[in-house]
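Taking it in order: structure first as structure tokens, then the write-up.
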Amino acid sequence: MELQFTKEYKGILISCIIGIIGFLASPYLPSAFNSILLALLLGIIIGNLIKIPQDFQSGISFTSSKLLEFSILFLAFSINYSHIAEIGAKSFTIIALVVAVMLVLSYYLALKVKCPGATGWLVGFGTTICGSSAIAALAPSVSKNKEDVGIAIAVVNLFGSVGMILMPLAMVKFNLSATQMGLFLGGTLHSIGNVAGSGYSINNEVGEAAITIKLARVALLSPALIFFNFLVNRNSVEHWKEYFKLPWYLWSFIGITLLSSLIHFPPAFLYFMEIVGKIILTIAMAAIGLKVSFKTLYHSGQKGVIFGLLIFALQIILVGALMLAI
């Protein structure tokens, strides 16, 4: 183990430096540039402008894969199933239907439009649930190519930021109640930051309603992971028990979410776990960025952007239709 670490420490160190810079710099930049996206972009720029020595590569690969898996264990503490009970039967029915339909659409449409690798699946999953964190949770089990993760993170942050700015401007032109606006924003936008930014830009009541809906949507991450893994692996298993052979980190993630829903952890502890999880995920994104070439970003990114726009538009239409129907 000591020999292996000696071999990998250079790549781990450069990933940590870029990740920490991204984490510390993000509060001073526009909200669209969260630490995860900033570290990814810094990694891409540095990795393409500077020739990274070969002896850095194993450490970068280790950081991009293992830390990505490890980060979701900390982020799991922020998921609480009690949020589902807070939004009422009608709102939950809409959110549950949207999540289920969007997961199926994401799986099949990504195959139909031939998104490179697992990019389409990751973009669709991130759009459906909660952006970067959802991508981080799904990526290790469906994508062997970390460039897919980088492209997916960039795409969901792009449309999350655009939606955060444009959707409130469009919403106020309709005669909707604060609850309806909260349901629409919380049910469509990508990350909690996007939802908070858009909702509170209208007023506090809309912001609180939107965050409540979004937290319920985030609480569906664990069942969504199980369902999407079923979609991906259903043709490659011979016995139903094999559907439950999920990677260790996914079972750990699900276990922690159940635990955090049953046990009332102190807010200071939850905040600490959230910060640690974000730092680890930010470092993992820096390492992933170091492995993404401009050429790959250009070719694969084009389809990723188009697919991201398609999935986001379908989600908006679906939430709007269900709000009218139910």
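The values are calculated or read from the model by the stated rules, or taken from the named source; none is laboratory data. Quick caveat, the model's predicted, so the values are computed rather than measured. Note: ideal-geometry Cβ built from the backbone for every residue, glycine included; neighbour counts use all protein chains shown.
Worth pointing out:
- Test: THR119 is of a type in the set (Ser, Thr, Tyr), over 21 Å from GLY199 (Cα atoms) and either in contact with a helix residue (DSSP H, G or I) (Cβ under 7 Å, 6 or more places away or on another chain) or free of Cβ contacts under 8 Å to residues at least 60 places away in the same chain (or both): yes
- Among residues of region 265-281 that are within 13 Å of LEU68 (Cα to Cα), none has a Cβ under 7 angstrom from a residue that is among the basic types (Lys, Arg) and outside any helix (DSSP H, G or I) at a sequence gap of 6+ or on a separate chain.
- Single residue of region 47-65 satisfying the filter (β-branched (Val, Ile, Thr) and buried (at least 16 other Cβ atoms within 10 Å of the Cβ)) that is nearest to the chain's Cα centre (by Cα): THR63
- Among (1) part of a helix (DSSP H, G or I); (2) modelled with pLDDT under 90; (3) surrounded by fewer than 14 Cβ atoms within 10 Å (Cβ to Cβ) - the single one LEU68 does not satisfy: (3)
- Being more than 25 Å from HIS190 (Cβ to Cβ), surrounded by fewer than 20 Cβ atoms within 10 Å (Cβ to Cβ) and modelled with pLDDT of 90 or more is true of ILE17.
- Scanning region 208-232 for residues that are within 21 Å of the chain's Cα centre (by Cα), over 12 Å from ILE129 (Cβ atoms) and either among the acidic types (Asp, Glu) or at pLDDT below 90 (or both) turns up ILE226, ASN229, PHE230, LEU231, VAL232.
- Scanning region 137-153 for residues that are farther than 11 Å from SER64 by Cβ and surrounded by 23 or more Cβ atoms within 10 Å (Cβ to Cβ) returns ALA137, LEU138, ASP148, ILE151, ALA152, ILE153.
- Every residue from region 76-93 that is modelled with pLDDT of 85 or more, in a helix (DSSP H, G or I) and touching a helix residue (DSSP H, G or I) at 6+ places or on another chain (Cβ under 7 Å): ALA76, PHE77, SER91, PHE92
- Some residue of region 94-102 being modelled with pLDDT of 90 or more and under 26 Å from SER293 (Cα atoms): no
- Just one of (1) under 23 Å from ILE275 (Cα atoms); (2) in contact with an Asp or Glu (Cβ under 6 Å, 6 or more places away or on another chain) fails for ILE14. It is (2).
- Residues (surrounded by fewer than 24 Cβ atoms within 10 Å (Cβ to Cβ) and part of a helix (DSSP H, G or I)) located in region 111-132: LEU111, LYS112
- The criterion of being in a helix (DSSP H, G or I), touching a residue at least 24 places away in the same chain (Cβ under 8 Å) and either crowded, with 19+ Cβ neighbours inside 10 Å or within 16 Å of the chain's Cα centre (by Cα) (or both) does not hold for ILE316.
- Pairing each residue of region 15-27 that is touching a residue at least 60 places away in the same chain (Cβ under 8 Å) with any residue that is of a type in the set (Lys, Arg) and in a helix (DSSP H, G or I), provided the two are 6+ apart or on different chains, yields C-beta distances under 9 Å for PHE23/LYS278.
- Test: residue in region 78-92 that is free of Cβ contacts under 8 Å to residues at least 40 places away in the same chain, within 27 Å of LEU290 (Cβ to Cβ) and surrounded by fewer than 23 Cβ atoms within 10 Å (Cβ to Cβ): no
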